[in-house]
Amino acid sequence: MNARLALDLALASLWHRRRVLALACLTLTLSVSLLLGIQYLRTEVRHTFTSTINGTDLIVGARSGPLNLLLYTVFHIGNATNNIRWSTFQALEADDRIDWLVPISLGDSYRGYRVVATDRRFLDHFRYGQDQPLRLASGHWFSDMFDVVLGASVARELGHQLDDQIILSHGGGRTSFVTHAATPFRVSGILAATGTPVDQGVYISLDGMEAIHVGWESGIAAPGRTLTPEQARQRTFTPGAITAIYIGLKNPVLTFRVQRAINEFEGEPLSAILPGVALSELWRLMGQFERALLAITGFVVITSLAGLAAVLLTLQAQRAHEVAVLRATGASPALIGALQVIECVTLALVSCGLAVAIGALTLALLSPWLLDSYGLNLRLRPLDLAEWGLLAAVPVAALLVGLVPALSGWRQSRAGWGGARPG
Amino acid sequence: MTETQDTAPAPAEPPAPALRTRDLSFRWQPDQPRLRFPDLELPRGEHLFLQGASGSGKSTLLGLICGLQRPDTGQIQVLDQDLGQLRRGALDRFRANHLGIIFQQFNLVPYLSALANVTLPCRLSPERRARALPAPEPAARALLKQLDIPEDHWHRKVTGLSIGQQQRVAAARALIGAPPLILADEPTSALDTDNRDRFLDLLLGLAREHRIAVVFVSHDPSLGHHFHHHVRLGRSHHER
C-alpha cells in the first residue's frame, strides 16, 4: 500500500470537507480542552495547595494534632489549644541547628480576617509555591508599632489603600463588638497576591499586639489601664507568649531529629510538624473532591468519543462515489480503509493541538487575573506525563473508532465498487 | 498460453488478444436469475461496442472484467493473464497496471484537482507511471490539452467542471500511461448529443493513437458506428 498517497488523499479529503469538519473538529477540540483542562487544574490545585507553605522545615505550636496545628497556623482555621512561652522561643533561638525562626501570634481579627502578629523575619523567610518569597505590592513592611500590612485579598475585598486607618477587633470571628478603638493602625504596606492564605492575613508587629492588649488581662478593656498610642510608643514590650513558630533548619537532613527534640521539649508540651507532610495528609482528606473531578474527566472522555463516532459516520455516508473511483484506478481495499483511519486520527491530532493551544492561551491570559481576583495561582508549565498520556489517548481512541468505518469500507470495497453502483 | 504476468508477448507466438472471455455466468444473489454472457474476443488496439438494455448485465460484465467480482463459471483473460488465477490483491494491482475505467458519472475524486485526478493511476501503478512519458505530470497536461479542458481548470477542484468536461477528465485518467484496455460504462449517457460525439471522437482517437483497446458499453445503438466490433447483450442471456 502506498502510504504517501494515502496520506495525501486523506489530507486533501479532510481539506475538501473542512466546512462540515470545522464544526465537528470544534466539538472535539472543546471536549479535549475540557478533558485536558480538568486534568491540568487537578494537578495545579493540588500543587498550589501542597506548596501553600514552602521552605519552612517545621511548624511548632502547643501540643496538638498535626492537622489542627497546620489549620490554625497556615490556613487561619480554628484556634490554638494553648500558647508558647516567649522563653521557649528564646531557647529555640539558641539552638544552633536552627537557622531561623519566625514568631507568630494569633488571636485578634479585622472584619473577619485573622490578625497575625509577627516581625520582619516573616517577610524574609516565608516561602510559597516554587520557593517564591513574599513581595509587597505597595508601601513597606511595618516599622512603627501601629503600622499594619494587609494581605492582597484583605486590601482588595475591603478596598483599603496605603495610609488608611483601621481598627482591629478583639478576638476572632466576623462580628466582634469589642474593638481596639483607642489604638488605630495605619496601613503601611499591601502584600502582592500569592494565592495562599497569606492573602487573607492582617500583619502587625509583636509589639503592637502587646501594646493594644495592655489593660485587657481580664478579656475586656479595664478603664484607665489601657494605653494611648503615644504612651505605648514610650514603652518597650516583650511578648509573654506567642502562638506558633515557623522554623528553618541549617541542614534539612536534621529535620526529624529536631522535630523529635522539640516534641520532647522539657519546658512545656510542644508539637512540631513537617508542613509538607501535613499538607499532603490534608489533601488526602479532601480526596473525595479530587475523585469527583476524576469521574467528570472520565465522562468527558466518553462524550468526546461519542462525538468523534458521530462525525465519522456523517463523513462515511457521502463517500461511495470517490471510493468507487479509487477502486477502479486500482486502489486496494486496505488503502480505502486506511484513508478512514488516517482522516480520523488526523482530525484527533488537530483537535489535540488546538486544545493545547487554546488551553495555554487561556491560561496565559487569565492567570494574572485569576491570581488577583480569586487568589488562584495557576502557572503555565509543560504538560506532565499523565496529561501527555491523556492527550495521546485521544488519537489512539480515534484510531479505534476510525476502524469501524474503515472495516466497513474495506469490506464493501472488497465486494465491489465500495457501496456505490456507479453508472 | 503461459501464465506469466508479463504483458509483452513472446516474439515467436502471436500476441494474446486484449480481452477474451469464455462461458461467463454470474449471479448476484442465489435467488436471482443467473446472467450468462456471450464469449468475447477483442484484438489489441481495437474497439468493441457492447449494446444492451438496462438490466441486461452490462455493468456486471464490466465488473467481472475489472476483477471486482469473480464469475460463477467461465474464464476471463486480459492480455495473456487469466484473471481467475490472480488473488484479490494481485487483481487490484493488475487493474491499476492494465485497465482504464470510465463510469457513467461521478468519475472523479472530488477533492483533487483535474490534474491530480488524471495522474492518480500513475501514483497507484509504477507501470503506468513508467509508461506515462516523459513523466506523469506533462503527460497529463498533454492529455488534458488534447481533450479540450481549458488550462485554467487544470489546477482547480473538479467540482467546478461541467459534466462534459468531467467525463473528458475521466477519459484522460483512463488514457494516461496507455493501459492496454479501457472499459467505459455508459460514459456518454449524461451528455447531450454534441458533447457525446465530441467525447467519443476524442476518446477513440486517442485510444487509436496509443493502440489501446476499448470496450464501450451503452444502451444507445446509434453510437455503434464508431466501433470495429459489436456485441448485443439481451434478455436471451438470462436464464432461470
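Do any residues in the stretch A:129-150 that are under 12 Å from A:I190 (Cβ atoms) have Cβ atoms under 7 Å from those of residues that are among the aliphatic types (A, V, I, L, M) and assigned to a loop (DSSP other than H, G, I, E, B), where the two are at least six apart or on different chains, and which pairs are they?
Listed pairs, sorted by first residue: A:R135/A:A192; A:L136/A:A192; A:A137/A:A192; A:S138/A:L162; A:G139/A:L162.
Within the stretch B:179-212, how many residues turn out to be within 14 Å of chain A (Cβ to nearest Cβ) and small (G, A, S)?
Final tally of qualifying residues: 3.
Among the listed residues B:R93, B:R88, identify the single one that is facing chain A (nearest Cβ under 8 Å) and without any contact (Cβ under 8 Å) to a residue 12 or more places away in the chain.
Answer to the selection: B:R88.
Which ones in the stretch B:143-156 are buried (at least 16 other Cβ atoms within 10 Å of the Cβ) and either farther than 14 Å from B:E209 by Cβ or free of Cβ contacts under 8 Å to residues at least 12 places away in the same chain (or both)?
Within the stretch B:143-156, the subset buried (at least 16 other Cβ atoms within 10 Å of the Cβ) is B:143-144, B:146-147, B:149, B:153-154.
Within the stretch B:143-156, B:L144, B:I149, B:H153, B:W154 meet the criteria.
So if I check each of A:A261, A:A328, A:A222, which one is out of contact with any Lys or Arg (no Cβ under 8 Å at 6 or more places or on another chain) and either within 14 Å of chain B (Cβ to nearest Cβ) or surrounded by fewer than 13 Cβ atoms within 10 Å (Cβ to Cβ) (or both)?
Step by step, each of A:A261, A:A328, A:A222 is checked, and only A:A222 is out of contact with any Lys or Arg (no Cβ under 8 Å at 6 or more places or on another chain) and either within 14 Å of chain B (Cβ to nearest Cβ) or surrounded by fewer than 13 Cβ atoms within 10 Å (Cβ to Cβ) (or both).
Yes or no: B:S162 surrounded by fewer than 22 Cβ atoms within 10 Å (Cβ to Cβ), out of contact with any Gly (no Cβ under 9 Å at 6 or more places or on another chain) and within 30 Å of B:G52 (Cβ to Cβ)?
yes
Determine which single condition B:V118 fails, assuming it passes every other condition in (1) more than 23 Å from B:E209 (Cβ to Cβ); (2) within 14 Å of chain A (Cβ to nearest Cβ); (3) within 16 Å of the chain's Cα centre (by Cα); (4) buried (at least 20 other Cβ atoms within 10 Å of the Cβ).
Condition not satisfied by B:V118: (1).
Counting just the residues of the stretch A:304-322 that are modelled with pLDDT of 75 or more and part of a helix (DSSP H, G or I), which one comes out surrounded by the most Cβ atoms within 10 Å (Cβ to Cβ)?
It comes out as A:E322.
Give me the residue from the stretch A:363-417 that is outside any helix (DSSP H, G or I) and at pLDDT 80 or above and, out of that set, surrounded by the fewest Cβ atoms within 10 Å (Cβ to Cβ).
Across the stretch A:363-417, the extreme among qualifying residues is A:P382.
Return the only residue of A:A272, A:A278, A:A261 being in contact with a Leu (Cβ under 6 Å, 6 or more places away or on another chain), more than 25 Å from A:R120 (Cβ to Cβ), modelled with pLDDT of 85 or more and not assigned by TED's automatic domain parsing to the domain that holds A:I38.
Sole residue among the options that is in contact with a Leu (Cβ under 6 Å, 6 or more places away or on another chain), more than 25 Å from A:R120 (Cβ to Cβ), modelled with pLDDT of 85 or more and not assigned by TED's automatic domain parsing to the domain that holds A:I38: A:A278.
From A:R4, A:R42, grab the single residue that is within 14 Å of chain B (Cβ to nearest Cβ), basic (K, R), in a helix (DSSP H, G or I) and out of contact with any strand residue (DSSP E or B) (no Cβ under 9 Å at 6 or more places or on another chain).
A:R4
Can you pull out the residues in the stretch A:210-258 that are at positive phi and hydrophobic (A, V, I, L, M, F, W, C)?
none
The conditions are (1) under 30 Å from A:Q90 (Cα atoms); (2) over 40 Å from the mean Cα position of the chain (by Cα); (3) surrounded by 13 or more Cβ atoms within 10 Å (Cβ to Cβ), and A:Q231 fails exactly one of them. Which is it?
Unmet condition: (3).
Just to verify a result, which residue in the stretch A:7-26, among those that are under 16 Å from A:S351 (Cβ atoms) and surrounded by fewer than 17 Cβ atoms within 10 Å (Cβ to Cβ), is farthest from the other protein chains (Cβ to nearest Cβ)?
A:L26
Of all residues in the stretch B:74-103, which are surrounded by fewer than 21 Cβ atoms within 10 Å (Cβ to Cβ) and assigned to a loop (DSSP other than H, G, I, E, B)?
Correct list: B:D80, B:L86, B:R87.
Please determine, by comparing only the residues of the stretch A:262-287 that are without any contact (Cβ under 8 Å) to a residue 24 or more places away in the chain and more than 17 Å from the chain's Cα centre (by Cα), which one is nearest to A:L41 (Cα to Cα).
A:N263
I'm trying to understand the selection: among the residues of the stretch A:9-29, which are among the hydrophobic types (A, V, I, L, M, F, W, C) and in contact (Cβ under 8 Å) with a residue 60 or more places away in the chain?
Matches in the stretch A:9-29: A:L9, A:A10, A:L11, A:L14, A:V20, A:L21, A:A24, A:C25, A:L28.
Per-residue answers, yes or no, for (1) more than 14 Å from chain B (Cβ to nearest Cβ); (2) surrounded by fewer than 17 Cβ atoms within 10 Å (Cβ to Cβ); (3) among the polar types (S, T, N, Q); (4) on the phi > 0 side of the Ramachandran plot:
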{"site": "A:A292", "(1), (2), (3), (4)": "yes, yes, no, no"}
{"site": "A:G298", "(1), (2), (3), (4)": "yes, yes, no, no"}
{"site": "A:A324", "(1), (2), (3), (4)": "no, no, no, no"}
{"site": "A:A334", "(1), (2), (3), (4)": "no, yes, no, no"}
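So, in the stretch B:53-66, how many residues would count as being at the interface with chain A (Cβ under 10 Å from one of its Cβ atoms) and within 12 Å of the chain's Cα centre (by Cα)?
Number of matching residues: 4.
Give me a count of the residues in the stretch A:235-256 that are free of Cβ contacts under 8 Å to residues at least 40 places away in the same chain and closer than 23 Å to A:S87 by Cβ. Talk me through it step by step, then tell me what you get.
Step one: filter the stretch A:235-256 for residues free of Cβ contacts under 8 Å to residues at least 40 places away in the same chain, giving A:235-237, A:253, A:256.
So of that shortlist, the ones also closer than 23 Å to A:S87 by Cβ come out as A:235-237.
So the count comes out to 3.
Restricting to the stretch A:196-224, give me the number of residues that are farther than 16 Å from A:V178 by Cα and part of a loop (DSSP other than H, G, I, E, B).
Selection size over the stretch A:196-224: 3.
Rundown of residues vs (1) closer than 24 Å to A:N54 by Cβ; (2) not hydrophobic (A, V, I, L, M, F, W, C), yes/no style:
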| site | (1), (2) |
| --- | --- |
| A:A222 | no, no |
| A:R225 | no, yes |
| A:A241 | no, no |
| A:A261 | yes, no |
| A:G267 | no, yes |
| A:V300 | no, no |
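The values are calculated or read from the model by the stated rules, or taken from the named source; none is laboratory data. Predicted model, so just to flag it, every value in this text is computed and none were measured. Reconstructed Cβ throughout: ideal geometry from the backbone, glycine too, with neighbour counts over all protein chains shown.
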